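The values are calculated or read from the model by the stated rules, or taken from the named source; none is laboratory data. Just so we're clear, the structure is a prediction, and the values are computed from it rather than from any experiment. When we count neighbours, we look across all protein chains shown, and the Cβ atoms used for this are built from the backbone with ideal geometry, even at glycine. For accessibility, only protein heavy atoms count, side chains too; no ligands or nucleic acids. Shrake-Rupley method; radii C 1.70, N 1.55, O 1.52, S 1.80 Å.
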Amino acid sequence: MSSVQTVRGPVDTADLGKVLMHEHVFVLGEEMRQNYPDYPEPWDEEARVADAVTKLSELKSRGISTIVDPTVIGLGRYIPRIARINEQVDLNIIVATGVYTYNDIPFQFHYTGPGLLFDVREPMVDLFVKDIKGGIAGTDIRASFLKCAIEEPGLTPGVERVMRAVGQAQVETGVPITVHTNPHTESGLVAQKVLAEEGADLSKVVIGHSGDSTDLDYLCALADAGSLLGMDRFGLDVLLPFEERVNTVVELARRGYAEKMVLAHDASCFIDWFSSEAKAAAVPNWNFTHISDQVIPTLLERGVTEDQINTMLVDNPRRYFES
């Protein structure tokens, strides 16, 4: 049997249960938080930890056993805080390595790498592999998947460099990949092309935020190339209304693509991109329990079967993490 590394150690993939494949515990700009701790609202470490425990426990009460957290450099990854929270919640949390950027890479990589002032092997590959094989930031908690992004600006030099490093790290380690994409620019197809050029296994790639699109031709093309579709922003109705998100999943399931979809919200216990009050007003359903409470009952009403839902929540995540 295969096992996957979680914050609390290795778990057999057969024991992951129902999995939400793209959720964040926290999304934070750590440098901003340290220098402007009251923006967009005051940070209270103890209160945030307690709130995260409450929200994740509520998720567990809905029968979800595992969340996959793609918080990497650029989104405020801080593993000791996540470990502290996970000690208080009976939930598997699977963490990632990678870099999240829509444009340029961090300055720490500007002058070091192949063909640069300090001409060495791509340092990002070594850092990613260390997180996967040795543990993150001096802990024994190991990353179990890789994360990169391509947004509206497209394949900028920085985005491409991160993506190729992610592809190379997958070849070296065998762990899967999640890509943040903008489906309206069909950037998932670009990501597949670049990753394939590096030898990555596209069947081990989630094309994230595919659920923001209703373009069935685009979505089927991604799935037919082997990747999983991240129908992973339920609750973000400002980007695509609930009905359209549900209808897309229903139609893809009807066409036989349940084995190519995974579900999630892309939610978080706290995100510092806006105030909690503004978030609650703009996207009231953007929370960890929306899929359990509203989405799944609606899918069942629309003809998606229990077996298909089990495929999306249990079987596909298990296969994704199996070696």
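A quick yes/no check of all residues on (1) modelled with pLDDT of 95 or more; (2) surrounded by 13 or more Cβ atoms within 10 Å (Cβ to Cβ); (3) in a helix (DSSP H, G or I):
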| position | (1), (2), (3) |
| --- | --- |
| 252 | yes, yes, yes |
| 265 | yes, yes, no |
| 273 | yes, no, no |
| 291 | yes, yes, yes |
| 297 | yes, no, yes |
| 304 | yes, yes, no |
| 309 | yes, yes, yes |
| 318 | yes, yes, yes |
| 323 | no, no, no |
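Pull out all pairs, ordered by first then second residue, where Cβ-Cβ is under 7 Å, the residues are six or more apart or on different chains, the first lies in the stretch 311-323 and is in contact (Cβ under 8 Å) with a residue 12 or more places away in the chain and under 10 Å from residue 176 (Cβ atoms), and the second is assigned to a helix (DSSP H, G or I) and of a type outside the set (Ser, Thr, Tyr).
320/204
Limited to the stretch 194-246, what total is found for residues that are aromatic (Phe, Trp, Tyr) and in a loop (DSSP other than H, G, I, E, B)?
So the count comes out to 1.
Return the total of residues in the stretch 90-145 being of a type in the set (S, T, N, Q), open to solvent by less than 60 Å² (accessible area, probe 1.4 Å) and either at pLDDT below 95 or farther than 21 Å from residue 321 by Cα (or both).
3
Have a look at 209, 180 and point out the one that is of a type outside the set (Lys, Arg), within 22 Å of residue 23 (Cβ to Cβ) and out of contact with any Ser or Thr (no Cβ under 6 Å at 6 or more places or on another chain).
The match here is 180.
Under 8 Å between Cβ atoms, which residue pairs at least 6 apart in sequence (or on different chains) link something in the stretch 101-121 that is without any contact (Cβ under 8 Å) to a residue 12 or more places away in the chain with a partner that is surrounded by 12 or more Cβ atoms within 10 Å (Cβ to Cβ) and not in a loop (DSSP other than H, G, I, E, B)?
112/123; 118/112; 120/112
Which residue pairs have Cβ atoms closer than 6 Å, lie 6 or more positions apart in sequence or on different chains, and pair a first residue in the stretch 147-163 that is open to solvent by less than 20 Å² (accessible area, probe 1.4 Å) with a second residue that is modelled with pLDDT of 95 or more and among the aromatic types (Phe, Trp, Tyr)?
149/100
Please verify whether the stretch 13-23 includes one or more residues that are surrounded by 19 or more Cβ atoms within 10 Å (Cβ to Cβ), of a type in the set (Asp, Glu) and either within 10 Å of residue 92 (Cα to Cα) or in contact (Cβ under 8 Å) with a residue 24 or more places away in the chain (or both).
Among the residues of the stretch 13-23, at least one is surrounded by 19 or more Cβ atoms within 10 Å (Cβ to Cβ), of a type in the set (Asp, Glu) and either within 10 Å of residue 92 (Cα to Cα) or in contact (Cβ under 8 Å) with a residue 24 or more places away in the chain (or both), which makes the answer yes.
Using the structure shown, decide if residue 216 is open to solvent by less than 30 Å² (accessible area, probe 1.4 Å) and either touching a Phe, Trp or Tyr at 6+ places or on another chain (Cβ under 7 Å) or within 21 Å of residue 185 (Cβ to Cβ) (or both).
No: the conditions fail for residue 216.
Which condition does residue 286 not pass, out of (1) under 20 Å from the mean Cα position of the chain (by Cα); (2) open to solvent by 50 Å² or more (accessible area, probe 1.4 Å), if it passes all the others?
(2)
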